[in-house]
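One structure below.
Just so you know, all these numbers are worked out from the coordinates, no wet-lab data involved. Computed from a predicted model, the values in this text were never measured in an experiment. Because the Cβ atoms are built from the backbone with ideal geometry, glycine has one as well, and the counts that use them run over all protein chains shown.
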Amino acid sequence: MAFVWTGLVTLFALFVYFWTIGQVSRARGKHGIAPPSVDGPPDFQRVLRVQTNTTEQLVLFLPALWLAANVWGDHTAALIGVVWPIGRVLYAVGYYAEAKKRTTGFSLSIFATLVLLVGSLIGLVRSLLGI
């Protein structure tokens, strides 16, 4: 089976995303905020923002991960890619506590995505040029 490690990182990322969805549901119950409302106290707003930002980032991360796996191989893509879900957990935990504490996790996850994107671009260009 090809791309086992990349597949596992994908599942890890999706489970982290699923966890953020659950956190929003929990926060809605805690604060008495019925869907579709997105208004609430700052504690709720931070939890909702984590889930929303994770959605936004997931759209970039997953294609970048799989492009990198195709260009650089399963192990390399997975090794770089596993930083993303770890970063998202750190982002969430930090942001849940206080907005100022989200930076490290955000930086880790966006850096992983950027490395995967740039690495994929370099690999594809090299392939086109026959290098």
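Set against the labelled values (i) 33, 14, 11; (ii) 28, 14, 12; (iii) 24, 18, 11, semi-axes √(5λ) of the Cα gyration tensor in Å computed from this structure falls on (i). Once the chain from residue 2 to residue 126 is taken as fully extended at 0.36 nm per residue, the excess over their C-alpha distance is 42.4 nm. Taking 0.36 nm per residue of separation and subtracting the current Cα-Cα distance, fully stretching the chain between residue 55 and residue 97 would add 13.1 nm. Put simply, when 67-79, 41-53, 83-95, 23-35 are sorted by average Cβ atoms within 10 angstrom per residue, most first, you get 83-95, 67-79, 41-53, 23-35.
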